[in-house]
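Report on the following structure.
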Amino acid sequence: MTVPFSVKPTLTGERVLLRPFVDADLDTFRVVLADPEVCRLTGSPPDDAPDEERLRQWYGSRNAQTDRLDLAVVDRERGACVGEVVLNLWEPHNHSCSFRILIGPGGRDRGLGVEATRLMVGYAFEQLGLHRVSLEVYAFNPRARRVYEKVGFVAEGVLRDALRDGEDWVDASVMSILAPEWAAHRGHPEDVPARGLT
C-alpha cells in the first residue's frame, strides 16, 4: 500500500480550513511555541523554544515531507492560522500512523480542535486508507482528551510516569481509533446507539 503523504491537501470544514503551510504562518508559531501552556501540554522542555532559524527550517520543510502530513489549522472566521495537525510515525506494513494537534491560545475553546481532528482523521481513513490512527495524551491535559473522545478515540492503556513535569511525573494515555470504528460513526460516536439498547 502506498500512502501519498507527499500530497498536501486542503480540507475545508465549517469553522476550520486545513492547508499546507505558507511563510506567513511563522508569525503564529513564533507566538504559539513560546506559550508556556503550549510547551507544558505538549511535553516540550521549557528551555527548548526553537530559534528563528530552526523555526523557518522546520515549517519551511513540512510541505516537502513524503512520510508524514503536516497541515496548518486556519480559523475560517478570522482568516488566521491558529495551529497545526499532523499525521506522522507512519508504519506502512501496519497501515497505521500517529496523530497530533497543536492549537494556540487564539484558537482555543471554540470547537476548532474537534473539527480539525475530525477532518484530519477522516482524511487518514477515507483518502489514505489507513487502518489505525493513534496518539498519546498527558494526564494533565483533560481538554485534549475530551476532544479525542468526541471524535471516537478509545483509551487503550497508560504509560506510567511518561513525562517529567517540574518535580512531578505525569502519566500518558495511549488512545486509538480504527477504520471500522470510523466507518460506523465518522467522528461522531455519540450519534451511534449503544449495542443492545434501543
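Summing Cβ point charges (Lys, Arg +1; Asp, Glu -1) relative to the Cα centre of the stretch 77-178 gives a dipole of roughly 320 debye.
Please report, in debye to the nearest 20, how large the charge dipole of the chain is about its Cα centre when each Lys and Arg carries +1 at its beta carbon and each Asp and Glu carries -1 there.
That gives the chain a dipole magnitude of about 640 debye.
Summarise the accessible area of the chain (1.4 Å probe, protein heavy atoms) by the percent that is carbon and sulfur. On the chain, the fraction of accessible area on carbon and sulfur atoms equals 50 percent.
Quick check on the stretch 131-187: what are the equivalent-ellipsoid semi-axes from the Cα gyration tensor, as sqrt(5λ), descending, whole Å?
Values: eigenvalues 130, 24, 7 Å².
Gyration-tensor ellipsoid for the stretch 131-187: 25, 11, 6 Å.
Please give the net charge around Trp169, taking every other residue with its beta carbon less than 13 angstrom from that of Trp169, where Lys and Arg add +1 and Asp and Glu add -1.
Details: positive: Arg160, Arg164; negative: Asp161, Asp165, Glu167, Asp168, Asp171.
Here the charged neighbours net out to -3.
In order along the stretch 56-63, the phi-based Karplus estimate (6.51 cos²θ - 1.76 cosθ + 1.60, θ = phi - 60°) of 3J(HN,Hα) comes to 4, 5, 5, 6, x, 9, 4, 6 Hz; Gly and Pro are listed as x.
Find out how many positive minus negative residues lie around Gly104, taking Lys and Arg as positive, Asp and Glu as negative, among other residues whose Cβ is under 13 Å from that of Gly104. Spell out each step's value before the answer.
On the way: positive: Arg30, Arg78, Arg108, Arg110; negative: Asp25, Asp27, Asp35, Glu37, Asp75, Glu84, Asp109.
Charge balance near Gly104 sits at -3.
Computed with a 1.4 Å probe over protein heavy atoms only, the accessible area of Glu136 comes to about 110 Å². In terms of its alpha-carbon gyration tensor, the stretch 85-127 comes out oblate; a/c meets the 1.5 threshold, while b/c is at least as large as a/b. With θ taken as phi - 60° and the Karplus curve 6.51 cos²θ - 1.76 cosθ + 1.60 applied, the whole-hertz 3J(HN,Hα) list for the stretch 150-162 is 4, 8, x, 5, 10, 5, 10, x, 10, 8, 6, 6, 7 Hz, x standing for glycine and proline. How many angstrom lie between the Cα centre of the stretch 110-130 and the Cα centre of the stretch 26-42? Taking the Cα centre of the stretch 26-42 as reference, the centre of the stretch 110-130 is 22 Å away. As a check on your grasp of the helix formula, calculate [θ] at 222 nm for the chain: sum -39500 (n - 2.57) over DSSP H runs of n ≥ 4, divide by the residue count, round to the nearest 500. Calculated at 222 nm, the ellipticity per residue is -8000 deg cm²/dmol.
Evaluated at q = 0.08, 0.13, 0.17, 0.19 Å⁻¹, the base-10 log of the normalised Debye intensity for the chain, with identical point scatterers placed on the Cα atoms, takes the values -0.27, -0.72, -1.26, -1.53. Note that the stretch 17-26 has calculated 3J(HN,Hα) couplings of 10, 9, 8, x, 6, 10, 4, 5, 5, 4 Hz, one per residue in order, obtained from phi through the Karplus relation 6.51 cos²θ - 1.76 cosθ + 1.60 (θ = phi - 60°); glycine and proline are x.
In this structure, the amide hydrogen of Val154, modeled 1.01 Å from its nitrogen in the peptide plane, lies closer than 5 angstrom to those of Ser176, Ile177, counting only residues at least 5 positions away or on a different chain. Summing Cβ point charges (Lys, Arg +1; Asp, Glu -1) relative to the Cα centre of the stretch 21-123 gives a dipole of roughly 340 debye. A dipole drawn for the chain from +1 and -1 charges on Cβ atoms has a positive end, and of Phe125, Gly43, Val32 the residue lying farthest that way is Phe125.
Viscosity 1.002 mPa s, temperature 20 °C: give me the Stokes-Einstein translational D for the stretch 1-45 in µm²/s, with Rh taken as the Kirkwood radius over C-alpha pairs. Rounded, D is 162 µm²/s. Of the Cα atoms belonging to the stretch 50-102, the radius of gyration and Dmax stand at 13.2, 40 Å. Based on protein heavy atoms only, the stretch 27-168 ends up with 52 Å² per residue of surface accessible to a 1.4 Å probe.
The values are calculated or read from the model by the stated rules, or taken from the named source; none is laboratory data. The structure presented is a predicted model; accordingly, all values stated were derived computationally and were not measured. Note: ideal-geometry Cβ built from the backbone for every residue, glycine included; neighbour counts use all protein chains shown. Note: accessible area is taken over every heavy atom of the protein model, side chains too, but ligands, DNA and RNA are not part of it. Shrake-Rupley method; radii C 1.70, N 1.55, O 1.52, S 1.80 Å.
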